[in-house]
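Enquirer: Before anything else, here's the structure in question.
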Amino acid sequence: EFDRYCRREYVVLDYAKNGASSKSFYNEGRFAPAQEAMEEGDFLFIQFGHNDEKPNEERRTEPFTTYQEYLMRYVNAAREKGAHPVLITPLSRRHFQEDGTIRNTHGEYPAAVLELGRREGIPVVDLTEKSRILYERTGDEASRKWFMYFPAGTYENYREDMTDNTHLHYEGAVKMGSLVAEGLRELGGIYAGILE
């Protein structure tokens, strides 16, 4: 849903794959079509983290070593094509604590993205922090509308109650896209230039 925030001359191609980590997406060859399509002046938005935390060998990376190494594969591929890489920290999960704050479920992965961006001169949109602030300002009840959080029978495909605090509903995808756009505006220059 990010294309709604871009100027008309920009085409957004989404190569994302549910369940993929920075490691599995690369090793399974899923990045190859994006790499082939990339041209000088394009933007490559790179966001992983949720599945890098998983215990299985095909997906697991460690924040300050293998995770950063795989992220750099995407960054270097973009730079080799004359494209502009942008790192995006993982979206916060909607896990409220008793005091109304959001619990960090991503461990050191967001910090590893920020550190890599600083070290390698890569622009970063801190979606982890932006989404955390949004959920806390909105509150537990009201923020449910952005996630797969609804009673049984609401949709034909879902016969049981859904209380998924990770995966977004359509309205949530639109809202989180607006946070990425906000982050690009804050980066300024060519990054803000792609937005309406």
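Enquirer: With an 8 Å Cα cut-off and a minimum separation of 6 or more residues, compute the relative contact order for the chain in percent. It would help to have the intermediate numbers written out before the result.
Expert: Numbers: 280 pairs, mean separation 40.5, N = 196.
Result for the chain is 21 percent.
Enquirer: Which of rounded, prolate, oblate describes region 101-196, given a ≥ b ≥ c as roots of the alpha-carbon gyration tensor eigenvalues and a/c under 1.5 marking rounded, otherwise prolate only if a/b is larger than b/c? Mind showing how you got there, number by number?
Expert: Numbers: a/c = 2.56, a/b = 1.81, b/c = 1.42.
Prolate, because a/c is 1.5 or more and a/b exceeds b/c.
Enquirer: Let me ask you something else. Relative to the present Cα-Cα distance, how much length would full extension add between R119 and N27 at 0.36 nm per residue of separation?
Expert: Values: separation 92, 0.36 × 92 = 33.12 nm, distance 2.48 nm.
That works out to 30.6 nm of additional length.
Enquirer: From the cross-link list K23/K54; K54/K145; K23/K130; K130/K175, which pairs have alpha carbons spaced over 23 Å apart? Intermediate results must be reported in sequence, preceding the final value.
Expert: On the way: K23/K54 11 Å; K54/K145 26 Å; K23/K130 25 Å; K130/K175 11 Å.
The answer is K54/K145; K23/K130.
Enquirer: Sorted by mean Cβ packing within 10 Å, highest first, what order do the peptides 106-115, 91-100 take? Write down the numbers at each step before the final one.
Expert: Values: 106-115: 19.0, 91-100: 15.2.
With the highest mean Cβ count within 10 Å placed first, the list reads 106-115, 91-100.
Enquirer: Does the chain classify as rounded, prolate or oblate by the C-alpha gyration tensor (a ≥ b ≥ c root eigenvalues; a/c under 1.5 gives rounded; else a/b over b/c gives prolate, otherwise oblate)? It would help to have the intermediate numbers written out before the result.
Expert: Numbers: a/c = 1.55, a/b = 1.38, b/c = 1.12.
Taking the square roots of the gyration eigenvalues as a ≥ b ≥ c, the chain is prolate.
Enquirer: With runs of 4+ DSSP H residues as the only contributors, calculate the mean residue ellipticity of the chain at 222 nm using -39,500 (n - 2.57) per run, divided by the residue total and rounded to the nearest 500. Please report the intermediate quantities before stating the final value.
Expert: On the way: 8 runs with 76 residues, N = 196.
So the calculated ellipticity at 222 nm is -11000 deg cm²/dmol.
Enquirer: Would you mind telling me the share, in percent, of accessible area of the chain contributed by carbon and sulfur at probe 1.4 angstrom?
Expert: 46
The values are calculated or read from the model by the stated rules, or taken from the named source; none is laboratory data. Here the structure is a predicted model, which means the values were calculated and not measured. Note that each Cβ is placed from the backbone with ideal geometry, even for glycine, and that neighbours are counted across all protein chains shown. SASA here: full protein model, heavy atoms, side chains in, ligands and nucleic acids out. Shrake-Rupley method; radii C 1.70, N 1.55, O 1.52, S 1.80 Å.
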